[in-house]
Number of protein chains: 2
Amino acid sequence: MSGAQLSDHTVTKHTIHEVARRAKVSITTVSRTINTPSLVDPATAKRVSAAIEELKYYPDTHARSLVSGRSRILGLIVSDITNPFFPELVQGFEDIATRQGYDVLVSSTNYDSARMTLSVRRMLERKVEGVAVMTSEMDDHLIEQFARRSVPMVFLDVGTPGEHISNIVVDYAMGVNEAVAHLVGLGHRRIGFVSGPQDLLSAQARRGAFVRSIEAYGIASDGRLIVQGDHKVTGGLDAMNRLLKLPERPTAVLASNDLTAVGMMRAVRLAGLVVPRDISIVGFDDIWLAEFTEPPLTTVRLSRRELAEKACGALIAGLSAAPRPREYGIETHLVIRESTCPA
Amino acid sequence: MSGAQLSDHTVTKHTIHEVARRAKVSITTVSRTINTPSLVDPATAKRVSAAIEELKYYPDTHARSLVSGRSRILGLIVSDITNPFFPELVQGFEDIATRQGYDVLVSSTNYDSARMTLSVRRMLERKVEGVAVMTSEMDDHLIEQFARRSVPMVFLDVGTPGEHISNIVVDYAMGVNEAVAHLVGLGHRRIGFVSGPQDLLSAQARRGAFVRSIEAYGIASDGRLIVQGDHKVTGGLDAMNRLLKLPERPTAVLASNDLTAVGMMRAVRLAGLVVPRDISIVGFDDIWLAEFTEPPLTTVRLSRRELAEKACGALIAGLSAAPRPREYGIETHLVIRESTCPA
DNA sequence: CTGTTAGCGCCTTCAA
DNA sequence: TTGAAGGCGCTAACAG
């Protein structure tokens, strides 16, 4: 293909050579005034800077990466960017990474393992210096790809800290306990739970925390009161409908995430019942929306900001040769709003 | 800095040379079996592929970019990834770009011009091949940076198609007209509007469309019925409170976006009124949440998918030398749900 | 069909 | 304090 007919007027090439030419120095000097200004005479440095300014020159990252072996890119893999939980995480992660001089390659896999494979491949090709896998699941053989290249990884809940692997473990039990205590304190005994997809580790963890918590309060966990959702609104809606059909329906229900809770509230309303009078509902995550549902949702907060900070921090720490902790904990806490009341 | 103490066991370098060595061919042949398989003997190709497989080799994108001059990265700048409108856009954009072999560098500016500048700079450094600026605003001097480097750009609503610039113009009037017609048909005459921040061009466009539409129906537009929000929930809430305090409050109100409408519904409820019986509400955008509010929100749909397709398409089209349209239109249409009823 | 040879833009010894 | 030279991993002529 001939690129000859491209507009060739004023197509100055913004390379280090051009800068050098203008400043009447060697490219080495230009490179140095950019990377190690201390090693260059202030006067020449000024000339160089002027030339850089004139040309609005920026070094080519690719050339830089090639020679330095460092891409200054971090990968962030999330399961569904459409779930309000993630944009906040992405935002936070980006903030922090950017501040450290890293760019972020985000990838939303949509719970699809083929896409996950694709993402991983793209990240490998871009030579990401670290990957945060915030999907609560990960194919071993993909992990290996990164490990083989000594790329630091950080996972959410999926716990096998190792050579290059950090892990963030969310203390689901803490928040769930607070929620159950709150409910029990309100006089509830028949407490239901709508889980997430059971192949998701974090969903299992949430469910497990619920079962243990309920039993700690001397309430025999009743299998019929635990139904499966999908961490989406529709799943919550369906699940709640099933719960509502029970001969003895629960007086309070915990959701595995807020989206599920939103669906549940809708189901309750559609059944002609009202939250919390007829049934109390507690969510999980505390996405921004929780504050604006009708009624505002009592939920367990899992700070995205903190998650982002720890994930990004783990990666950047993993880049240095220094030893560092491999496991990070995150607490969760109940936020009481108006979707719960006495039984 | 000495990287000597890094674990050096089995740190095979996954370069094209290593593949060549294993397959007992030259690096050129490896390159060819990757890029132009037709030019290489099937038998050797097989050997090479085997070697690639063994090493799990992927070409280094940076080296590739350096020599080809093409980064295969597209930039996507949004104003607030936390607004549910954007994740869907990002998702769609990513899908399409990925399918075309492009990676996406996403940046959320948070309506902050300093961050915008930073984003632009990062994208420049990464040598993005095109930029979609979906913020409905853009600093001229930043535009110039891309233009100078012949990087195709595509904007949303900000309309100055030119050399490397495409523009997507959303037909706000269409959907707004449908909404007003719907309301008028329901007998509403006092129709209010809660706008977005007025420095946002798309917010101005929405507001303008409303005023014109209302007048087309012979309703004198009443300044008191038009109040300003901020395209967020809280802004909608405040705005609606102001509207509610009016001596003669509107019987129906349009919102500049769905988030605003959510806030408005909350305000109405807090005032002890009910939607739509006491007041009808219409949103704009049709984010997924609209379906799950209480009541489900009547709103004007602006397809993110379509937006993503056009934006991405414009960029990729701009990459080829072929002439192409510079302006893309997008229709908007009313989706009637349950937040509107007869006056 | 395959290999040899130049760079792409930049950073980094090594000499001056 | 500066410059010259080599090479990062890869693609693209140009020869065999």
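The values are calculated or read from the model by the stated rules, or taken from the named source; none is laboratory data. What you are looking at is a predicted structure, and each value in this text was computed from that prediction instead of being measured. All Cβ positions, even for glycine, are placed from backbone atoms using ideal geometry, and neighbour counts span all protein chains on display. Just so you know, the surface numbers come from the protein's heavy atoms only, side chains and all, with ligands and any DNA or RNA stripped out. Shrake-Rupley method; radii C 1.70, N 1.55, O 1.52, S 1.80 Å.
Overview of values
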| quantity | calculated |
| --- | --- |
| Only listed residue being within 21 Å of B:His188 (Cα to Cα) and surrounded by 15 or more Cβ atoms within 10 Å (Cβ to Cβ), chosen from B:Thr332, B:Thr251 | B:Thr251 |
| Any chance A:His14 is touching a Phe, Trp or Tyr at 6+ places or on another chain (Cβ under 6 Å) and within 11 Å of another protein chain (Cβ to nearest Cβ) | yes |
| Residue within the range B:149-166 that is within 30 Å of B:Ser280 (Cα to Cα) and out of contact with any His (no Cβ under 6 Å at 6 or more places or on another chain) present | yes |
| Number of the condition not met by B:Glu129 [criteria: (1) open to solvent by less than 10 Å² (accessible area, probe 1.4 Å); (2) in contact (Cβ under 8 Å) with a residue 40 or more places away in the chain; (3) within 21 Å of B:Ser68 (Cα to Cα)] | (1) |
| Inter-residue pairs, beta-carbon under 8 Å, first more than 17 Å from B:Asp60 (Cα to Cα) and without any contact (Cβ under 8 Å) to a residue 40 or more places away in the chain and in the range B:19-46, second near DNA strand C (Cβ under 6 Å from one of its atoms) and not in a helix (DSSP H, G or I), 6+ apart | B:Thr44/B:Val25 |
| The range A:192-217, residues that are of a type in the set (Val, Ile, Thr) and either open to solvent by 10 Å² or more (accessible area, probe 1.4 Å) or farther than 24 Å from A:Asn241 by Cα (or both) | A:Val211 |
| Qualifying positions in the range A:132-190 - charged (D, E, K, R) and touching a residue at least 24 places away in the same chain (Cβ under 8 Å) | A:Glu137, A:Asp139, A:Arg149, A:Asp157, A:Asp171, A:Glu178, A:Arg189, A:Arg190 |
| Checking B:Ala343 against (1) assigned to a loop (DSSP other than H, G, I, E, B); (2) open to solvent by 30 Å² or more (accessible area, probe 1.4 Å); (3) within 14 Å of chain A (Cβ to nearest Cβ), the condition it does not meet | (3) |
| Filter pass, B:Leu259 being touching a strand residue (DSSP E or B) at 6+ places or on another chain (Cβ under 6 Å) and of a type in the set (A, V, I, L, M, F, W, C) | no |
| Residue match in the range A:231-239 (condition: polar (S, T, N, Q), at the interface with another protein chain (Cβ under 10 Å from one of its Cβ atoms) and surrounded by fewer than 24 Cβ atoms within 10 Å (Cβ to Cβ)) | yes |
| Search result, residues across the range B:261-317 that are of a type in the set (Phe, Trp, Tyr) and buried (at least 24 other Cβ atoms within 10 Å of the Cβ) | B:Phe284 |
| Single residue of the range A:10-59 satisfying the filter (open to solvent by less than 30 Å² (accessible area, probe 1.4 Å) and outside any helix (DSSP H, G or I)) that is farthest from DNA strand C (Cβ to nearest atom) | A:Val40 |
| Set A:Asp80, A:Asp103, A:Asp95, A:Asp112: member being among the acidic types (Asp, Glu) and at the interface with chain B (Cβ under 7 Å from one of its Cβ atoms) | A:Asp103 |
| Qualifying position, being modelled with pLDDT under 90, farther than 30 Å from A:Gly130 by Cβ and more than 9 Å from chain B (Cβ to nearest Cβ), among A:Ala51, A:Ala43, A:Ala4, A:Ala23 | A:Ala4 |
| Members of the range A:150-180 that are closer than 18 Å to A:Arg207 by Cα and in a loop (DSSP other than H, G, I, E, B) | A:Asp157, A:Val158, A:Gly159, A:Asp171 |
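Rundown of residues vs (1) more than 19 Å from A:Tyr102 (Cα to Cα); (2) among the acidic types (Asp, Glu), yes/no style:
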site	(1), (2)
B:Gln91	yes, no
B:Gly101	yes, no
B:Val106	no, no
B:Thr109	no, no
B:Thr117	no, no
B:Val120	no, no
B:Glu129	yes, yes
B:Thr135	yes, no
